[in-house]
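Everything below concerns the one structure shown next.
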Amino acid sequence: MDKLQMQTANMADENYETLLKLFPNALTEIITGYDEYGRAIIDRAIDVDVLRQEISCRVIDSREERYQFTWPGKKKAMLLANAPISATLRPCKDESVDFDNTENLYIEGDNLDVLKVLQEAYLGKIKMVYIDPPYNTGNDFVYSDNFTEHIDEYLTNSGQFDDEGNRLFQNTESNGRFHTDWLNMIYPRIKLAKSILSEDGVIYISIDETEHDNLRKICDEIFGANNFIADIIWKRKRGRDNSARWFSKAHEYCLLYAKNKEMFETGYLALDEETKKAYKNPDNDPRGDYRMLGCWARGTQGGVKYDFTTKDGQYFSERLWLFSKENLSKLDADDKLIIRGDNIYRKMFIYENKGKIPETLWDDVSNAANASDEIKKLFDGIVFDTPKPTPYIKRMLEISTHKDSIILDFFSGSATTANAVMTLNAEDGGNRKYILVQVPEKVAEGSNAAKSGYTNICEIGKERIRRAAKNIIKDNPNCNIDYGFKVLKLATSNMKDVYYNPAQMEQQTLFASTDNIKEDRTPEDLLFQVMLDLGVMLSSKIEEKVIAGKKVFNVAEGFLMACFDSDITEETVKAVAQEKPYYAVFRDSSMANDSVATNFEQIFATYSPETVRKVL
């Protein structure tokens with residue numbers, strides 16, 4: 001049996017292996033120091049000059065000026081994105097809704113760590129990411145990733161909060177690192193988000209003008225400038241602010257990037273009633289309503305020059321046509337041409353119209369005031385100051401997702417994304433799933449939220465989902481949407497330090513550690529960390545059964561079976577093996593006696609030799 005790693009992947013190791021295959025001559029070693037015996041400590045490194053030369057068509061002088069976007073701390077931000085952590089997500093059934101059946105996730109914790117924890121299970125599975133990060137206005141809070149710490153110290157402190165429960169700080173313009181701190185915060189998070197996007201996936205990022213240009217440069221670097229799709233302008237303000245000093249600020253931006261632009265297909269928006277009125281059927285064509293569109297080119301449209309004779313023998317002298325002669329003949333053969341005097345029109349049937357291509361100006365998807373009205377109506381008061389309106393996020397879903405897509409929002413705030421997902425599912429019968437991530441930031445003392453009994457933003461987000469679901473079901477009584485969500489909370493690993501560094505533990509500590517699992521952790525806690533480690537989606541169906549008095553988890557219909565009870569007998573091992581799971585996981589110290597441990601491998605070899613056996 002192999003031992004589970006129980007920590008996130010070291011992405012630097014994976015990148016190193018990729019480079020090793022592509023450019024082995026660019027990899028080298030350097031001395032980083034000396035140990036207590038004077039022996040050199042060797043670390044791997046990359047000869048950047050060799051690497052530059054490998055990907056260039058000319059001789060590269062490393063001292064040449066070059067175009068680049070950088071800031072203090074960028075290298076550490078990149079290191080932070082790649083560095084592994086030993087963390088997990090603990091299920092919280094009491095705060096969940098329909099925990100055993102739902103495929104939606106609500107995760108509480110620092111989104112940087114959560115993104116790392118999700119990497120194995122959701123690599124390449126997310127169709128759309130939407131985030132509404134702090135805009136860096138001087139009043140927003142920015143996640144404090146301390147880049148003055150050594151990376152090991154940072155990872156030790158990662159996920160910890162201050163005395164008030166927040167790992168946040170206010171980034172005012174008086175701070176000499178005003179832009180730098182924001183860039184160091186956002187860069188590793190977007191870098192991690194890219195890796196879990198599907199090949200046809202996209203990311204939407206709301207932003208204002210303060211960091212708009214910097215954010216676009218970051219996205220150009222991470223996704224590639226060629227994968228930029230649109231810079232959407234959202235009209236966020238309902239009226240004019242005459243108290244503004246220079247201009248009344250009416251809009252915000254939303255950057256849209258694809259992981260692979262060639263793989264992404266833009267969804268069309270439904271035709272509005274006014275557009276549908278243009279389709280008529282004056283000749284009772286059995287194919288339905290249609291519009292008459294010209295067939296010849298005008299102005300700057302371009303075209304193909306030729307003469308044309310219809311199947312009825314009508315001749316049209318040489319002119320510029322919008323279609324090739326072959327395609328025009330096909331329209332004629334399909335009875336889709338209408339001749340009016342010296343002009344030819346084609347029938348564009350309404351069933352052929354895919355819808356409206358999205359525009360970059362969004363002034364028809366509600367506004368900030370309407371978003372506040374949504375919250376006020378749901379909660380009988382304003383308990384969140386800067387929500388986004390549901391129609392705004394719903395527009396993104398319509399353009400960018402399929403009916404079974406997974407959507408991630410890791411700055412979820414008031415949980416508008418969950419509201420939008422459920423609303424669209426109710427409208428089109430979809431089964432989209434959402435993953436929301438939010439740090440449990442404390443609400444301000446004396447605020448409306450605090451007066452309403454909420455202590456942090458996560459409580460508001462979860463309650464918003466519960467209330468919105470009830471309203472959606474009330475308005476759509478025949479819909480069959482997933483209204484639930486599993487609450488998971490970021491925590492330190494379930495495993496004690498001895499699990500990760502047994503060689504570094506003192507002999508007395510080893511003898512004292514009769515178990516390598518922390519005392520306060522439950523079998524469900526262990527199961528979710530195992531799922532993360534093995535790359536099993538957390539939305540997977542989990543069934544529990546009792547075999548020979550022991551609790552056994554069956555995940556994803558036999559893909560993973562796990563038992564974390566103690567004193568496991570051969571009866572339980574045999575029953576698990578006979579189910580022929582892909583993975584079987586037990587605790588290393590759980591066998592009832594030496595006989596069971598000795599026969600373990602033989603039992604699996606007999607009943608399910610293909611099963612991958614793991615221990616923790």
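Annotations
- So I232, is it buried (at least 21 other Cβ atoms within 10 Å of the Cβ) and under 21 Å from I406 (Cα atoms): no
- Residue check for Y454: aromatic (F, W, Y), under 25 Å from L490 (Cβ atoms) and under 18 Å from the mean Cα position of the chain (by Cα): no
- Conditions (1) modelled with pLDDT of 90 or more; (2) crowded, with 16+ Cβ neighbours inside 10 Å; number of the one not met by E262: (2)
- Filter result for I382 (assigned to a loop (DSSP other than H, G, I, E, B) and either of a type outside the set (S, T, N, Q) or under 30 Å from D231 (Cβ atoms) (or both)): yes
- Tabulated pairs, the range 355-379, first closer than 22 Å to L269 by Cβ and part of a loop (DSSP other than H, G, I, E, B), second modelled with pLDDT of 90 or more and of a type in the set (V, I, T), C-beta under 6 angstrom, 6+ apart or interchain: P358/I399; T360/I232
- Residue within the range 413-430 that is surrounded by fewer than 18 Cβ atoms within 10 Å (Cβ to Cβ) and in a loop (DSSP other than H, G, I, E, B) present: yes
- Count of the range 379-398 residues which are closer than 20 Å to E252 by Cβ and either among the polar types (S, T, N, Q) or surrounded by fewer than 22 Cβ atoms within 10 Å (Cβ to Cβ) (or both): 7
Listed here are the residues, each with its yes/no results for (1) among the charged types (D, E, K, R); (2) surrounded by fewer than 20 Cβ atoms within 10 Å (Cβ to Cβ); (3) touching a Lys or Arg at 6+ places or on another chain (Cβ under 7 Å); (4) more than 30 Å from G124 (Cβ to Cβ).
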| site | (1), (2), (3), (4) |
| --- | --- |
| K518 | yes, yes, yes, yes |
| L527 | no, no, no, no |
| G535 | no, yes, no, no |
| I547 | no, yes, no, yes |
| N554 | no, yes, yes, no |
| E557 | yes, yes, yes, no |
| I568 | no, no, yes, yes |
| V573 | no, no, no, yes |
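- Every residue from the range 556-591 that is β-branched (V, I, T) and free of Cβ contacts under 8 Å to residues at least 40 places away in the same chain: I568, T569, T572, V573, V576
- Subset of the range 290-349 (residues that are within 25 Å of Y279 (Cβ to Cβ), in contact with a Gly (Cβ under 9 Å, 6 or more places away or on another chain) and either surrounded by 13 or more Cβ atoms within 10 Å (Cβ to Cβ) or in contact (Cβ under 8 Å) with a residue 60 or more places away in the chain (or both)): W296, A297, W321, L322, F323, I344, Y345, R346, F349
- Filter result for T401 (touching a Lys or Arg at 6+ places or on another chain (Cβ under 6 Å), surrounded by fewer than 24 Cβ atoms within 10 Å (Cβ to Cβ) and at pLDDT 95 or above): yes
- Residue match in the range 2-11 (condition: surrounded by 15 or more Cβ atoms within 10 Å (Cβ to Cβ), touching a His at 6+ places or on another chain (Cβ under 8 Å), among the hydrophobic types (A, V, I, L, M, F, W, C) and at pLDDT 75 or above): no
- Qualifying residue in the range 469-484 (condition: assigned to a strand (DSSP E or B), modelled with pLDDT of 95 or more, more than 18 Å from I382 (Cβ to Cβ) and out of contact with any Lys or Arg (no Cβ under 7 Å at 6 or more places or on another chain)): no
- Taking every residue in the range 445-465 that is touching a residue at least 60 places away in the same chain (Cβ under 8 Å) and in a loop (DSSP other than H, G, I, E, B) and pairing it with any residue that is surrounded by fewer than 17 Cβ atoms within 10 Å (Cβ to Cβ) and small (G, A, S), at least 6 positions away or on another chain, the pairs with Cβ-Cβ distances below 8 Å are S452/G381.
- Only one of the numbered conditions (1) surrounded by 13 or more Cβ atoms within 10 Å (Cβ to Cβ); (2) assigned by TED's automatic domain parsing to the domain that holds A230; (3) over 18 Å from I465 (Cα atoms) is not met by L361, and that is (1).
- Helices (runs of 4 or more DSSP H) wholly inside the range 515-616 containing at least 1 residues that are β-branched (V, I, T) and touching a Phe, Trp or Tyr at 6+ places or on another chain (Cβ under 7 Å): 570-578
- Which listed residue, of Y392, Y351, is at pLDDT 90 or above, of a type in the set (S, T, Y) and either in a helix (DSSP H, G or I) or out of contact with any Pro (no Cβ under 9 Å at 6 or more places or on another chain) (or both): Y392
- Members of the range 238-253 that are modelled with pLDDT of 90 or more and charged (D, E, K, R): E252
- Condition met for I407 (touching a residue at least 24 places away in the same chain (Cβ under 8 Å), more than 25 Å from K127 (Cα to Cα) and either assigned to a strand (DSSP E or B) or assigned by TED's automatic domain parsing to the domain that holds Y122 (or both)): no
The values are calculated or read from the model by the stated rules, or taken from the named source; none is laboratory data. No experiment lies behind these values; they were computed from the predicted model shown. Cβ sites come from the backbone with ideal geometry, for glycine too, and all protein chains shown count toward neighbours.
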